[in-house]
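What follows is a set of notes on a single structure, which appears directly below.
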Amino acid sequence: MGAERHVKLFRNGRNQAVRIPVEFELPGDEAIMRKEGDRLIIEAAKKKGNLIEWLQTLEPLDEDFPDLDEKGPLPREFEL
């Protein structure tokens, strides 16, 4: 387990709160909190990106694509 520090709890209205010391600060302005037994776990909320940003993180494919059967099935007509 990493570093630990004794902190004080206080009330903020009807909520119990804790000041997060600078050495434990999380990035951003949102976090995820969950309780596991007697432990309270707070972790940074993952930034929601978009598909383009995610695709840009992928390595290029180093393989050839198979040939496509360009004839394929003929289109069908449907009655509405």
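Since every read-out is calculated from the coordinates, none of them should be taken as a lab result. Treat the numbers as computed from the prediction; the structure is a model and nothing was measured. Backbone-built Cβ (ideal geometry, glycine too); neighbour counts: all protein chains shown.
Temperature 20 °C, viscosity 1.002 mPa s: under these conditions the Stokes-Einstein estimate for the chain, based on its Kirkwood radius over C-alpha pairs, is 111 µm² per second.
Normalised by the number of residues in the chain, the mean separation of alpha-carbon contacts (under 8 Å, six or more apart) gives a relative contact order of 13 percent.
Taking the Cα centre of the stretch 9-56 as reference, the dipole from Cβ charges on Lys and Arg (+1) and Asp and Glu (-1) amounts to some 260 debye. About its Cα centre, the chain has a charge dipole of approximately 1360 debye under the convention of +1 per Lys or Arg Cβ and -1 per Asp or Glu Cβ, with nothing else charged.
For residue 48, a cut-off of 26 angstrom between C-alpha atoms picks up these lysines, skipping any fewer than 8 places away in its own chain: 35.
In this structure the amide hydrogen of residue 31, modeled in the peptide plane, comes within under 5 Å of the amide hydrogens of 45, none closer than 5 places in sequence on its chain.
Phi angles of the stretch 2-15 translate, via the Karplus equation with coefficients 6.51, -1.76, 1.60 and θ = phi - 60°, into HN-Hα couplings of x, 5, 9, 8, 6, 10, 9, 8, 8, 9, 10, x, 8, 9 Hz per residue; Gly and Pro are given as x.
Centre-to-centre separation between the Cα atoms of the stretch 46-64 and those of the stretch 65-79: 29 Å. Selection among 6, 73, 20 by position relative to the dipole of the chain gives 6 as farthest towards the positive end (Cβ unit charges, Cα centre).
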